[in-house]
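Here's the structure, in structure tokens; my notes come after.
Values in this text are rule-based calculations from the coordinates and carry no lab data. The structure presented is a predicted model; accordingly, all values stated were derived computationally and were not measured. Note: ideal-geometry Cβ built from the backbone for every residue, glycine included; neighbour counts use all protein chains shown.
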Amino acid sequence: MTELGAWQSGKIQAHHLDRLAVVYVRQSTLQQVLDHQESTRIQYGLVHHAEALGWLSDRVLTIDEDLGKSGSSAEDRRGFQRLVAEVGLNHVGLILGVEMSRLARSSKDWHQLLEICALFGTLIADLDGIYDPSQYNDRLLLGLKGTMSEAELHILKQRLVQGKLNKAQRGELGFHAPIGYGRRPSGEIILEPDEQARDIVKLVFRKFDELGTLNAVLRYLVTHHIQMGVRVFSGPHKGELTWRRPNRTTLQNLLKNPAYAGAYAYGRSHSDPRKRQAGRPYTGSVVTPPEDWPVLIQDHHPAYISWAQYQQNVRQLQANQTRADTLGITRQGDSLLSGLLVCGRCGARMVVQYHRKRHYRYTCCREATDYGGEICQYLSGPCLDQYVVEQVLRALEPAALELSLEAALHLEHDRAELDHLWQQRLERAAFEAERAGRHYRLLEPENRLVARQLAQDWDAQLLAHQQLQDEYQRFCHQQPKHLSEADKQVIRQLADHLPMLWAADTTTQGQRKEIIRQVIQSIHVTVAGDTEVVEVVLNWVGGASHRATIIRPVAKWTQLSNYAQLCQRLEQLVQAGLSTDDITQTLNHEGFRPPKQRQTFNSEGIRSLMRRLNLVPPRQKPTPETLAASEWWLPELARLLDMPTMTLYDWVRRGWVKARQQPNWPKHWIIWADETEIERLKAHRQQPFGEILRQRWRGEVPAIALMPESPNTSL
């Protein structure tokens, strides 16, 4: 510490002594606070120097809120912000610090403090003397000291960064070993010594290669109650293996980390000042592309996967993201071709639009979305899905048996792998129970205070082991280790019935979409104008393509490509005197199709089109009908019973009378009624309405509903 003579100056005036003297204390890191306590004591000792300069002890304020914080920025330094605020309120006459670097190592923050001190007449003091920022010479010297403090920080940081880079280029810069790895005292990276923890890491990579999505892997682990083995990095239990629930972040870091491919990578992320958030010093980190990594050393340590598989995993994760240039993951929507369709007119990717449940269409709306233009083209989704499914099943049919055998082998391998993990869990639980019992037996019997707790721990481990055995028995009952002959036979039979397997309720939409994506790379669709004709080009995986024309449903008659020919042909058939049914059969036989969802014409559709074209249908002659004994036309029987025709028709609808309808036009109703039946109907007709209401209220069956047997078997 310099002598007080260096502090003697005529710059201290009475108005300075009337205000506070602030001692600012700061250390850059918490490690410096713990290991370099002498520097901290020197800074706190400035309080006595302030008293020697004339300030009373209660007028000396110590600000030490920034201990352990860097001076490179004022954003996270509440102590420095408080100091600037006190100066701005004209409460401070003198600021004391061991050196200028304690106050700030940023020119922006330093010159801001100088401006405020000069404005309010506040002095600044370090071990070299007292300075007045309002005087030019002192201001120049303070600016130079601030610049040197900032340059010193830059030089120190540059040395540290270059040292880390040089060490990383040799592959010697240490980092926390990821899950599934350990580190020897010499620093060498090795595979996790625990066999179960290693097998689970291998399982994650195999399942991602099989399932293709991170969420599917997570669901698989959760469904089978598989936990991840993690080594504790710090604390009293450092180095111990703990078992934790799998989560999305852990799996994503595991799949993206090149360390699992045996590679040593440095510089996988860098800090972007534009994305840094105020008050949060660890924000602004940006992922660096692999081609820009400063250091990449392959075959640095033992690997779980190959480098090619790691790159494939990264590409798969990127492809799973929902972007315009990727397919994205398969979802559970009804559409089967989302992400595969390309507009044959403009080349843009077509999207799925859902209107109501199970009603969707494929639309090219890039022009409408980006530029406010018109929709390029659209078509109904189910018709295109049905055609593509037929082509996919036809392509898979030759390899169905081979695929079924491979599926059986894969299923057995998966069950064997799960059984192996269960055996490891049982072995670990048995070891924990045995160790707890060993601890209890080694204890002195007289030490009851400890014996009771160890006995409880032993009982808990034994109970956990028993529960795990029960769960394993249930697992073996639900999923035997080996497939039975009946299961294998079912799998072989499914190979001969691919359409049935495709349409089964157990097959999800996501699985159907995955199968289609395995064999089809893209589908180009072109709608011919506004008609029902659609040209489809299937681009198969491997380079082959298939071109075909399908028919989509349209809303209007005029949208049909052969509408003119249809109208002309219909007019010819009407002029030929054919009946509506004959016209319908003729048009269906000649290959004409109606609009909307129908595949063939019906009589109602033909009559609708004839009304649209003002064509008069030929009048059909009634089919002669000879009534049998005791049979009546419905209007004649109504006149005989002296009742409205509609009332008798209602009785027919309710089934209270024996009736039949003519099979051909005009399809009149014929009722059977002999003399006894006529008397029964008249009796019911003359029954008081109040009695009918009472029967309904009591829930009784009306007498008229009890019909006699008709001698005519056709009724």
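See the values below:
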{"item": "Free-standing Cys residues across the chain, given no other cysteine C-beta under 4.7 angstrom", "result": "117, 346, 365, 383, 476, 567"}
{"item": "Residues of segment 66-95 with amide N under 14 Å of the 7 Å Cα→Cβ point at residue 112", "result": "71-88"}
{"item": "Contour excess over end-to-end distance, with Cα ends at residue 530 and residue 607 and 0.36 nm allotted per residue", "result": "25.3 nm"}
{"item": "Dimensions (Å) - segment 517-638, Cα atoms, principal axes, largest first", "result": "76, 33, 23"}
{"item": "For segment 65-98 versus segment 494-541, the gap between their alpha-carbon centres in whole angstrom", "result": "68 Å"}
{"item": "Long pairs among 164/238; 596/658; 202/275; 11/145; 157/202; 108/256, criterion Cα-Cα beyond 31 Å", "result": "596/658; 202/275; 157/202; 108/256"}
{"item": "All aspartates and glutamates inside 14 Å of residue 682 as judged from Cα atoms, apart from same-chain residues fewer than 8 positions distant", "result": "642, 674"}
{"item": "Sequence ranges 470-480, 339-349, ranked by mean other-Cβ count within 10 angstrom, highest first", "result": "339-349, 470-480"}
{"item": "Rounded to 10°, Cα long-axis angle of helix 675-686 versus longest principal axis of the chain", "result": "50 degrees"}
{"item": "Tilt relative to the chain, helix 563-575 - C-alpha long axis, 0 to 90 degrees, to 10", "result": "10 degrees"}
{"item": "FRET E, pair residue 636, residue 697, Förster distance 41 Å, beta-carbon r, rounded to 0.05", "result": "0.75"}
{"item": "Beta bridges per DSSP with both ends in the chain, % antiparallel, nearest 5", "result": "75 percent"}
{"item": "FRET efficiency, 1/(1 + (r/R0)^6) with R0 22 Å, evaluated for residue 13 and residue 135 via beta carbons", "result": "0.95"}
{"item": "The chain: calculated mean residue ellipticity at 222 nm from DSSP helix runs of at least 4, using -39500 (n - 2.57)", "result": "-15000 deg cm²/dmol"}
{"item": "Residue order, fewest to most beta carbons within 10 Å, for 506, 288", "result": "506, 288"}
{"item": "Segments 168-177, 386-395, 184-193 sorted - mean Cβ within 10 Å per residue, highest first", "result": "386-395, 168-177, 184-193"}
{"item": "Computed label-point distance, nm, for sites residue 581 and residue 353 using a 7 Å Cα→Cβ extension", "result": "4.3 nm"}
{"item": "Distance (nanometres) between label positions extended 7 Å along Cα→Cβ at residue 253 and residue 317", "result": "1.2 nm"}
{"item": "Cα gyration tensor shape for the chain, rounded if a/c is under 1.5, else prolate or oblate", "result": "prolate"}
{"item": "Residues whose placed amide H lies under 5 Å from that of residue 285, excluding near-sequence neighbours", "result": "272"}
{"item": "At R0 = 30 Å, FRET efficiency that the Cβ-Cβ distance of residue 564 and residue 375 yields, to 0.05", "result": "0.70"}
{"item": "Burial order of peptide ranges 376-384, 71-79, 40-48 (average beta-carbon count within 10 Å, highest first)", "result": "376-384, 71-79, 40-48"}
{"item": "Contour minus Cα-Cα distance for residue 188 and residue 589 (0.36 nm per residue)", "result": "136.3 nm"}
{"item": "Summed side-chain charge close to residue 119 - residues other than residue 119 whose Cβ falls under 15 Å, Lys, Arg +1, Asp, Glu -1", "result": "-2"}
{"item": "Taking 350, 148 and counting other C-beta atoms within 10 Å, the order from fewest to most", "result": "148, 350"}
{"item": "Cα-based helix-to-principal-axis angle, 689-698 vs the chain, degrees rounded to 10", "result": "50 degrees"}
